[in-house]
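The values are calculated or read from the model by the stated rules, or taken from the named source; none is laboratory data. As the structure is a computational prediction, the values presented were derived from the model and not from experiment. All Cβ positions, even for glycine, are placed from backbone atoms using ideal geometry, and neighbour counts span all protein chains on display. When the accessible area is computed, the model is the full protein with side chains, heavy atoms only, and any ligands, DNA or RNA have been set aside. Shrake-Rupley method; radii C 1.70, N 1.55, O 1.52, S 1.80 Å.
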Amino acid sequence: LGGILAPLNSTMLAVALPGIITDFDADIGTAGWLMTGYLLALAVIQPVAGKLGDRYGRRPFMLGGLAVFGLASLGATLAPNLLFLIAMRTLQAISGAIVFPNGAGLLRQLIPADRRARAFGTMGAVLSLAAALGPPLGGLIVAFGGWRAIFLVNIPLVLGALLLAWREVP
């Protein structure tokens, strides 16, 4: 559940971008940092976060990453200006990049070797599905709730993932 946050959010924003540009009277180059900053932070932080999880344990990184993702989503929902929104998006990416490799590490650690390939295959399919559902889901959310709602929709996902991680992650 926590793993779908990054791919879902990276693709949902694409349909919200025109509304964000209009609301903040921004140019496309500046607003593009909502996507660029997100993808850069994901790429840079994931290997470091995975290594830290290997060294210090995955539970605190999973719980902390999920909590920060939820707070950043709430901050993005309430963003008063584009710069603040870019900062919250980047914080979402950093926290998502902490959650994802540690979730994959937990699968490797907890799933018996004979079932691991199936688990990773299922995870890959779910992540791909989340990325593919981002634009149509984002379109529906923006149509009915405006661009701010694409960030608000993360809150129940994060709460569910936090609850599961709190109970199940050793």
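Points to keep in mind about this one:
- Given +1 at the Cβ of Lys and Arg, -1 at the Cβ of Asp and Glu and no other charges, the dipole of the range 1-104 around its Cα centre is 540 debye to the nearest 20.
- The magnitude of the dipole of the range 13-62, with charges of +1 and -1 set on the Cβ of Lys/Arg and Asp/Glu and taken from the Cα centre, is near 580 debye.
- Per residue accessible area in Å² of the range 19-170, where ligands, DNA and RNA are left out and the probe is 1.4 Å: 53
- Just checking the listed ones, 65, 105, 29: in the Gaussian network model of the chain with Cα springs under 10 Å, the one fluctuating most is 29.
- Projecting the Cα atoms of 103, 46, 13 onto the charge dipole of the chain, computed from C-beta unit charges around the Cα centre, puts 103 farthest toward the positive end.
- Span from the the range 115-163 Cα centroid across to the the range 2-19 one, whole angstrom: 8
- Measuring r between the beta carbons of residue 143 and residue 44 and using R0 = 30 Å, the FRET efficiency lands at 0.35.
- Neighbourhood net charge (14 Å Cβ-Cβ; Lys/Arg +1, Asp/Glu -1) for residue 20: -1
- Accessible surface of the range 110-170 [probe 1.4 Å, protein heavy atoms]: carbon and sulfur percent: 73
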